[in-house]
Each structure stands twice: as structure tokens, then as C-alpha cells.
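Participant: So that we are looking at the same thing, I have put the structure below in C-alpha cells.
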Amino acid sequence: MRAARARTPRRPKAAPGNVLKDPVGVYCRVRPLGEQDAERCVEVVSDTTVQLHPPDGYRVFRNGEYKETQYTFKEVFGTLVTQKQLFDVVAKPLVEDLIRGKNGLLFTYGVTGSGKTHTMTGSPGDGGLLPRCLDMIFNSIGPFQAKRFVFKLDDKNGVDVQCEVDALLERQRREAMPVQKTPCGKRQIDPEFADMINVQDHCKVEEVDEDSVYSVFVSYIEIYNNYIYDLLEEIPYDPIKPKPPQSRVLREDQNRNMYVIGCTEVEVKSTDEAFEVFWRGQKRRRIANTQLNRESSRSHSVFMIKLAQAPLDADGDNVLQEKEQITLSQLSLVDLAGSERTNRTKAEGSRLREAGNINQSLMTLRTCIEVLRENQMYGTYKMVPYRDSKLTHLFKNYFDGEGKVRMIVCVNPKAEDYEESLQVMRFAEMTQEVEVARPVDKPLCGLTPGRRFKNQAFKDELSRKLEARGGPVIGETEDQSVTEMFLQNFPPLPSCELLDINDDQTLPRLIDALEKRHRARQMLSEEFAKNALAFKSMLQEFDTKMVSKENFAQGKLAEKEKAIAGQKMEIERLEKKNKTLEYKIDILEKTATIYEEEKRTLQQELESKSQKLQRQASDKRRLEARLQGMVVETTSKWEKECERRVAAKQLEMQNKLWVKDEKLKQLKAIVTEPKPEKPERPSREKDREKGLQRSVSPSPVPLSSNYGTQVPNSLQLMSQPQMHRRSNSCSSISVASCVSEWEQKFPSHSKPTSVTPNARIRQQEPEQNRNCVSDRRRGMYWTGVTEVPSRRNQIDVEEDQCCRGDVFKTRGGGQAVQFTDIETLKQESPTGRKRRSSQSSPNPPEDGAESEWTDVETRCSVAVEMRAGSNLGPGYQHHAQPKRRKP
Ligand code: ADP
Ligand code: MG
């Protein structure tokens, strides 16, 4: 933290690539085991390594392992280390840096009772790092300290300088004030802490800039419950209504350094005085803890030492009155709160909240360190959440800017602390990976080095000489003595005492002497005038030389000034450019952060969408598989069902076939029965009447033998070349053959070239069966039941007889018809014209018999093709049936 125009520690001027960085120095101190503690679980393995092993109770882990962990630090201090040794290694370099104008931060971290306060403050007779730091500072700058109030801290984290006279006046003014509380170096040391600062091992910084003056300011704050309290604030004590301490606010100065607004900063001139101030704050802290029932281990205490320094003027006499030349450096000594988790302390109520907040501060510290480490290691630009807690916000300059950061991790080796110690170690080890910019050396002021001592030496010599002459002499006396010395060289004047009135010798002797003197005087004055003239001419000569030299020098100076002005302008321009670039970088950084954020959001969105898509695809696949399964299942089910039905139908058909076979046999018997007269187509009624007679009628063999050459029997019919070779070749008699057989017996109705409807259909003879052909083209096929119509014509009444029967597959691949019934259909024609059933026939028959025959045959074929059990006529049936494989 600097004056308004002092170097800013936060933003090093060098390009980012050139900035040298040092890792945070982490040291570990293991305190001795307490008397009541039996088991230790921390061992110092080497100068840099410490090992933790779980205590007895913890030995069996979930995975059954006995786990030892080792942690490496810059240096590990065992129980035997002294405060002095620790100070020399850890804090001394920080004090040296402070005096060279660089910032430093030292904090102790660990569980409550691990020795943080012992390390930082120490105990009587064994002072810790804090009193040792103070001691070293005053040992180093002691003789070069500025008078009180020469340096004045302002309320904006800057520093001013004033001349000694002003400082003296201010001192007197303050001393005159009634509530003056400026500590005095010559006061008696408080016996309470006398032993603590009685540091025997004096040490000092070797190379202190002797041409500067120094002033030390200390402040002491406490961060409790994420509130900042000034421990050095002077509050008039009111025993009736004690005023609670006021919390303080953090602010960023113009160099972007953080400071506590209105924090008391006391100028101190000695170790005793500084430690007394510290002790005052410590007492206040204790009182507050007692009054407000707070737990001391839950607060962070920060003792800040600010060192202001400015160079002496060219004479080496007074401090240079230029604000730009002041350097303000700071060393912060932080005793952190216990790092243990809330539940361990069994805190309740407000205590719990406090503990939570404290842990929150430490958590934020951890997070900041983690983010810093990540940014540095992976080149990311994640925002470091310094602002999340007062503690990290206050020290953000150290990590963000430049300085030296060191941490002492305190460990208590007792078993109960094992788990917490593990956490502490992990954090500490990680902290080492964070790097902080190395502070640069302060610029030289350009004045002759060693002027303080030269001035001192001159003054000493002068006073010594004066002392030898018997005291101080002024210039005039010196001049007189020279005249006297000159006069002493003249012969003494003769005695001018006239004792006698007639004495005529005394006066002429006197006159002579005086005349001699007068001549000598004249000679001297002439000599003097001559010398003066010579000297004057010499002077004039010298003067002209000087003037010419001066002119020359001035010319040179002007040139140089011009060059300097040019360079200054260039510097200004570069600075401006630098500022613009910094601003641009800032903006770009912010933009990058925003883009990163956006990118992350978009990636998340993309991920969620692709997941959704995947889900949907898998759903679809599942559904498809299910549907496929269902289709297969349904298909197989229906196939089975169809097979089952077909089988049932077949069985049923076979049964019916068997029955109808029987009936056919009977019919055959009737049909083949020889008739003495011209046969007449029997009606169904007649059949019924003659049922009994038919059954006993003789076999049709003789008749068939009459027509043997044409239609000998069913087998003969099959053997005829125009017939289909696969027509009813089995034992069953086809319907058409039966009908033709029957018609052949009565030539008036018959045609010798009759074939079975079945065969005809297969042969597809167009001239005989045009209807059938056309019908087949429309997708006709065989059905289970066949009707064979026969007809008897009368004048007015048309009477058709139909033989009903079933068609079924034979084993040889053919088909058979089994007649089951004969039906007589009567129709009265209003015109008395003979009805033609196949009106659409393109070739009308030549004679009545022919046409009648064709009609019967066509109808037979149509009937044969009709499906069993259908209520529709054949024509309709054909149109309605779907195409099926031929049996
Ligand atoms: P913390 O501040 O971490 O809570 P303290 O510094 O108050 O712990 O230490 C607790 C006790 O342990 C004190 O009585 C202190 O004297 C003692 N102690 C701590 N560290 C050491 C050490 N290195 N050597 C001797 N005693 C120690
Ligand atoms: Mg403590």
C-alpha cells in the first residue's frame, strides 16, 4: 500500500510474461504432544516432509486400509525448533523485504490449539514472530527514524511528508490536546508483556538505505463473524452503557489496494512501544470476547506494520519534500481462526452461526487459493471470489498484485485432531502451487549515496575544530584578529609619555614612528590595491570563463532538457497507451469470462439436448422392437388360428364328404337306374318320393354300356383327351360327369362332348366356356360346395333342378364332388319365353338343344365354382371373392 503516486504493488508495470513469480512459501510446524494426549499421529519424516497416520480407532477404513499420508512443504519444523530458528527462516526475509519497500503477508493456519498464537505472538520469555519482527525492524531503522509526524498517513491509504518544523508544531499541538494518547518511548514497559519483547537475539537487516528516513505505523484489526473491528480504536469507557465496537468497512484506494476505512494507525518509535500497542489491542479483544460471550479462537487477528520511508535531500540533512519519493510497504501478520469444522466444536445457536461464518471465511480462502492455482496452472481466467469474505478481500492485493506470501501450518499431533489435520495439510500443500508476483526493487532517488554520513562527518569535524578553538567564532572577530596579527608584526610604537615640558625627543621619535607606519600603510594599501586589482582582473577573467562555460553548460542543459521533455512525453504517451491497453485487457478479460460462462451454459444445454435425443431414440427403438414383437406375435397367432380353422373345416368337410358320398352313391343309383320311357328330370320332390325306390334301383351299368364309346363311366371320362388329366381321377364321381351321364341317357337334352365342369375350367376352352373363362379372369376359384343345376322347361314355368354337393381335395391332388342334395327351382315366365341363364354369351347356340346344353353346363360350372354356404348367386359370389391360390 502506497502513497497516491507511489509504485502500485498490484499491477506490475512489466509485461505479464516478464513478471517473476514465487510460490507461496508454506512451512509446517508440529507442536509437542500435550501431556494428557497419549497417541501421536504426526511424524516429521525429513526437513521437508511430514507424515500423518491414522490413530488406532481409525485404522480400519472402508477399504480396510491402514493409510499413511505424507505431505511436503518448503520446510518442516519439529517440536524442538525454537522461535528464533523459525523466525530466521520464515519471518526474517519478510522483514528485510519490508525495509526494502516490499510487501509481505505471513499467516498461521491450523486447528485450534495447534500453536498458531504461540507461533505468532509467543509466550513470556519466548516471544513469537510478531515481537521478533518488530524488534528486527527497530534494530535496523533505529538510527534513521524520522521525527514523529514527519510522515503522516492520510485517510485514503496514502502517506504525506512534512518538514521537521511542521512536524514539531504538530507534535506540540497534539501534546497540548487533553486526550492525548501518543505512546511515549521512554515509558515503563508493561510487566505483563515485558518478557515477551525481551528478545535477546538481536538481529537486523544488514543493508539498510542510510540516506532515507523511516517511520513505523501499526494497526491491529480483528475479523469476527465476517465483520472487521478496529482493536486500537479509542472508545471512552462508559461503565453504565458500554458501547459495542463498531464494525469497519473495506475500501479500495486509487491504486486498487484494499484498506480498512478509518482504521487507527499508530506511529511507533520502538519495539516496546509497538508491542505495547499490540498488547492494548490484544486486551481489547479479550474484553470483547468476554463481554460478548465470543470465542477467541473463532476470530482472525491481523496486525499490520506499515513502514514509510523517504530519502534525505542532497545535503543529507532534511527529508526530501517530494511525495513521489515516499515508499510505503506493509507487513501483515495474521493469526487465523481455528480451521476445524463446526460440528467438532459442538457450537450452538449464535456460536454456530459464528463458526459457520468463520469456516466460511476459511472456505473462501481455500476457494480463492484453489481458483488462483487453477488459473495459474491451466491458464484459465476464472474469477477469484476474493469478495466473498472480508478476510480474502483484505488480502487480495497480495495474491493479485505482488509481494511475498508465507504460511505456517501448525499441527497438533494428537489423535483427536487427525482428521482436521488431514484437511489442513491438503489445503496447505495445494497452497504451495499458487504463485505470487515477486516485488520489484524500489527505484533509486538519484542523489549521492552516503550523504547522510558525509554531512554528519562534516558537522562533526566543524564542531571538533570549534571546540579546539575554544568555542564557536563569528566572522567579524576572525577579520579583526587578522588585522591584529598584521599590526603585531610592526615594531611597537615608542613611548609617548611627556614627562618634561622641554622634552623634544619623545615627540619627534613618535612622529618618526608614525611616519614610518604611515609609509608602511601606504605601501600596504598600494600593495592591497595592486593585489585587489590583480584579483579583480583574475576574477573578471574567471567570470568571463565561467560565463562562457555556463553558457555552454546552459546550452547543453537546454538540449538535455529538451531530450528529457521528449522522453517524458514519450513516457506519458506510453503510460497512456499502457493504461488503454490495461483497460482493454480488463475488458477482454471480462468479455472472455462472459463468453466462457456462455460457452459453458451452451455446452450444458447441448449436452442436455443430446441426452434427450438419445433418450428419445432409445425410446423409439424400444417401441419399434415392441411393435415388431407384437406384429410377429399377432401374425403367428393368426396363422395358428387360420391353420386351426382350416384343420377344423377340413375335418368338417371330410365328415360332410363322407355323408355326401353316401348320398351320392344313392343319387348315382337313382341316376343310373334304367328307365323304360323317355326320361324326365326328376324333381326333388319326386326324388324324395322315389327315395326308397331309387335306393333299390338296379345299377346303371347297362345304360352306360349303351353309350360306352362316348361316356363309358367316370374313368372313361377322365381318359378322354379333351378332359383335364387331373380331373376327378379318384374314386369319387364328378358332378359334371354325373350330369352328362344323366343327360346322355336323354339325347334331347344332352351333348356328347360334355366334360366335367372341373375339367372344363382347367382346360379353359374359350368356345365352350367363354363365361367361365371371363369369370375366371375375374378371380374365380373352387369353393367347398358345388351346385349343379339341371333344368326342365315348360311353356310357362321354368323349372330348374339343382344337385347340391361338396367339392373337396383328393389325396392325389385332384378334387372330388360329393352330391348332397337335389333342389328344384321353379320360375314362371310372364312372356312364356324360355329363360336363358347365360344371356351374356357372345355366341348364341345354333339350336335349342345346343343352347340349353350350354346353359346347363355354364351354370354347372358357375355353380361348381360357388362357395359353400353362400346365399348369393354365383355371379355375385365371383365378384366378391378375393383371389386365392388354386387348390
Ligand atoms: P492456537 O492459537 O492454534 O489455538 P495456541 O497457540 O493457543 O493454539 O496453543 C495452545 C497451547 O499449546 C498453548 O498453551 C501453547 O503454549 C501450547 N503450544 C502450542 N505450540 C507450542 C509449541 N510449539 N511448543 C510448546 N507449546 C506450544
Ligand atoms: Mg490462537
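The values are calculated or read from the model by the stated rules, or taken from the named source; none is laboratory data. All figures in this text were calculated on a predicted structure; none of them were measured in a lab. Please note: Cβ atoms are built from the backbone with ideal geometry, for glycine as well, and neighbour counts cover all protein chains shown. Quick note on the areas: whole protein, heavy atoms, side chains included, nothing else; ligands and nucleic acids left out. Shrake-Rupley method; radii C 1.70, N 1.55, O 1.52, S 1.80 Å.
Participant: K556: net charge of surrounding residues, Cβ under 14 Å, Lys/Arg +1, Asp/Glu -1, itself excluded?
Facilitator: 0
Participant: Got a sec? What order do W279, W638 fall in by accessible area at 1.4 Å, biggest, i.e. largest, first?
Facilitator: Of W279, W638, the descending order of accessible area is W638, W279.
Participant: Further question on the same structure: Can you give the convex hull volume per residue for the Cα atoms of the range 589-667, as a whole number of Å³?
Facilitator: Once divided by residue count, the hull of the range 589-667 is 54 Å³.
Participant: Per residue, how large is the accessible surface of the range 534-683? Use a 1.4 angstrom probe and give square angstrom.
Facilitator: Accessible area per residue: 89 Å².
Participant: Mind checking the per residue accessible area of the range 125-173 for me, 1.4 Å probe, whole number of Å²?
Facilitator: Per-residue accessible area for the range 125-173 comes out at 39 Å².
Participant: Mind computing the radius of gyration and Dmax over the alpha-carbon atoms of the range 19-145? Å is fine for both.
Facilitator: Every Cα atom of the range 19-145 included, Rg and Dmax give 18.0, 65 Å.
Participant: OK, next. Restricting to DSSP loop positions (anything but H, G, I, E, B) with no more than 16 other Cβ atoms inside 10 Å of their own Cβ, which GluC sites (Glu not before Pro) remain in the range 495-584?
Facilitator: Sparse-neighbourhood loop GluC sites (Glu not before Pro): E497.
Participant: Roughly speaking, to the nearest percent, how much of the range 520-575's 1.4 Å accessible area is carbon and sulfur?
Facilitator: 64 percent
Participant: Quick one: Debye curve from the C-alpha atoms of the range 93-155, no solvent, what's log10 I(q)/I(0) at q = 0.19, 0.25 Å⁻¹?
Facilitator: Result of the Debye calculation: -0.89, -1.11.
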